[in-house]
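The values are calculated or read from the model by the stated rules, or taken from the named source; none is laboratory data. Owing to the predicted nature of the structure, the values given are computational and were not obtained by experimental measurement. Methodologically, a virtual Cβ is constructed for each residue, glycine included, from the backbone with ideal geometry; neighbour enumeration extends over all protein chains shown. Heavy atoms of the whole protein, side chains included, go into the accessibility calculation; ligands, DNA and RNA do not. Shrake-Rupley method; radii C 1.70, N 1.55, O 1.52, S 1.80 Å.
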Amino acid sequence: MGQSYLNTEGNEQLIPDAPEITEVLEGRILIVDDNPVNTALMEKILRHEGYTQIDVTCKPVKVVEMYGDDPYDLVLLDVHMPTMNGLQVLAKLRESFPDEYLPVVMLTADHSDETRNQCLSAGAKDFIGKPFDRTEVALRVRNIMESRLLHKALKDQNEELEERVQERTQQLYEAQSKVIECLGKAAEYRDNETGMHVIRMSQSCALLGKELGLDDEQCELILRASPMHDIGKIAIPDEVLLKPGILNTQEWETMKTHSEVGAEILSGYDSELMQAAAEIARTHHERWDGKGYPSGLKGEEIPLYTRIVSVCDVFDALTSERPYKKAWSVKEAMDYLHAHSGTQFDPAVVEAFVRVLDRVVSLRYRFPDITVMH
C-alpha cells in the first residue's frame, strides 16, 4: 500500500512501495558510448547482474530518437564523444522532453570537480567512473533504477488521482446543473408555466452563444446557468405573481424585486456556474437603452450572457401559450424583436438570433408544452 505523508497543501499523499527486484531488473537501459569496447563491457556487467532489457548505441545523435520511441528507465551516457558529447546529448534530451524525469548517469574517466559540476548542472543524476568497477556499476545502477521506478509509480498514481478529482468535479457540476434546472422549473410552475420554457430557452441560448463566437465551455455555461434567471419569483406573493390584470405601481415594484432576490439566492458561491447564474438573474431585465432594472445598465455594460438570455427568453415566452394569452406566431415574435432592437435588445444579438432561428424553432417540437405553437 505504501506510506503516506502531508504534501505542501496539507493533503495526504501516498508514497508507493519500493519496487521489487524483478521490476528493477526488467527496467529498460540504454548504453551510449562511442567506444564499442566500453559498451560491450558495461552490457556484460549489467547482464551478469540480471538486467535483461539493454540497448546499445555508439551514435550519440540517435539517442533522442531512441528515447522518444519508448522512454528508457536508465540512460548510461559517456561524457567525451566525438561529433556530439554527452552534455550536448543531455541538453537535447531535456529540450525534447522538458516534462520528463530523465534518468541519466554519466560515464567518464574525468573525475575533476569541473566536469562533475557541469554534468550535475546539465541534469545528470549520477556518475560512474572509468575504468568500470563491477560493484560500483551494480550499486549505482540499482539506486538510479529504483528512483526512476518510484518516480514512475508516483507519477502514475498522481495521474490516477487527478482523473478521480476530475471525475468527481464533473459529477458535482452535473449535480449542481440539475439542481439549477429543477429550481428553474419550480420558479416557472409558480408562474403558471409548464417547465419546458426554461429548457427551450437555455438550449436557444447555447445556439445563439455559439453563433456569437462563444467557445464550447462558454456555451455550456450559459446552457446550465440561464434556467435560473427567474428563480427570484419564488419570493413574490401569489397575489402579485398570479394577478391576471395589470399590476399597479406598488405591485410592479414588488415584482421587480425578483431580479435582486434571485441574485441573492444564487450568490456567495465560488462556482463559475453559480456566479454566472447569479449575474443573469440580477441583470436579465436590463435594457440596451439603459431603461431596464434593477441597475439601469446600458449597452455593453450588460453582460453578454444576459443580452443573449433576454432575446431567447422573450422569443420563447411570446411564442408560448399561457392562461392569459395566445401564442404569437414566429413572425409576430420576430417583428417584436426587430422593433425593439436597439432599445430593449442588443442589435447584434438580434441579428445573430435571426441566423439560428430555424434551429430555435425546432426546439418547440423537441420540448413541447401541452399546446403546440401556432
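Structural remarks
- Residues in region 104-121 that are crowded, with 18+ Cβ neighbours inside 10 Å and touching a Gly at 6+ places or on another chain (Cβ under 9 Å): 104, 106, 107, 108, 119.
- Every residue from region 250-270 that is farther than 21 Å from residue 344 by Cα and surrounded by fewer than 13 Cβ atoms within 10 Å (Cβ to Cβ): 250, 268, 269, 270
- Pairs where the first residue, in region 304-315, is at pLDDT 95 or above and the second is acidic (Asp, Glu), C-beta under 6 Å, 6+ apart: 307/346
- Among the residues of this structure, residue 102 does not count as one that is touching a residue at least 24 places away in the same chain (Cβ under 8 Å) and closer than 22 Å to residue 36 by Cβ.
- Conditions (1) of a type outside the set (Ser, Thr, Tyr); (2) touching a His at 6+ places or on another chain (Cβ under 9 Å); (3) over 14 Å from residue 229 (Cβ atoms); (4) surrounded by fewer than 17 Cβ atoms within 10 Å (Cβ to Cβ): number failed by residue 350: (4)
- All conditions but one from (1) out of contact with any Asp or Glu (no Cβ under 6 Å at 6 or more places or on another chain); (2) surrounded by 19 or more Cβ atoms within 10 Å (Cβ to Cβ); (3) closer than 21 Å to residue 203 by Cβ apply to residue 307; the one that does not is (1).
- Being in contact with a Pro (Cβ under 6 Å, 6 or more places away or on another chain), part of a helix (DSSP H, G or I) and at pLDDT below 95 is a property that residue 226 lacks.
- Number of residues in region 213-248 that are among the charged types (D, E, K, R) and under 21 Å from residue 266 (Cβ atoms): the value is 5.
- Any chance residue 373 is modelled with pLDDT of 95 or more and surrounded by 14 or more Cβ atoms within 10 Å (Cβ to Cβ): no
- Checklist (1) touching a Gly at 6+ places or on another chain (Cβ under 9 Å); (2) open to solvent by 10 Å² or more (accessible area, probe 1.4 Å); (3) closer than 24 Å to residue 34 by Cβ applied to residue 93, failing item: (2)
- Identification of helices (runs of 4 or more DSSP H) wholly contained in region 1-116 with 2 or more residues that are hydrophobic (A, V, I, L, M, F, W, C), modelled with pLDDT under 90 and touching a helix residue (DSSP H, G or I) at 6+ places or on another chain (Cβ under 8 Å) yields 21-25.
- Cross-chain or 6+ apart pairs with Cβ under 6 Å, region 195-214 first and assigned to a loop (DSSP other than H, G, I, E, B), then modelled with pLDDT of 95 or more: 212/352
- Failed condition for residue 109, given (1) more than 23 Å from residue 151 (Cα to Cα); (2) among the small types (Gly, Ala, Ser); (3) out of contact with any strand residue (DSSP E or B) (no Cβ under 8 Å at 6 or more places or on another chain): (3)
- When region 44-55 is filtered for residues that are of a type outside the set (Val, Ile, Thr), in contact with a strand residue (DSSP E or B) (Cβ under 7 Å, 6 or more places away or on another chain) and open to solvent by less than 50 Å² (accessible area, probe 1.4 Å), the ones remaining, listed by number, are 46, 51.
- Note on region 122-139: residues that are open to solvent by 40 Å² or more (accessible area, probe 1.4 Å), within 28 Å of residue 156 (Cβ to Cβ) and over 42 Å from the mean Cα position of the chain (by Cα) amount to 1.
- Taken over region 237-280, the criterion of being part of a loop (DSSP other than H, G, I, E, B) and free of Cβ contacts under 8 Å to residues at least 24 places away in the same chain is satisfied by 237, 243, 245, 246, 247, 248, 267, 268, 269, 270.
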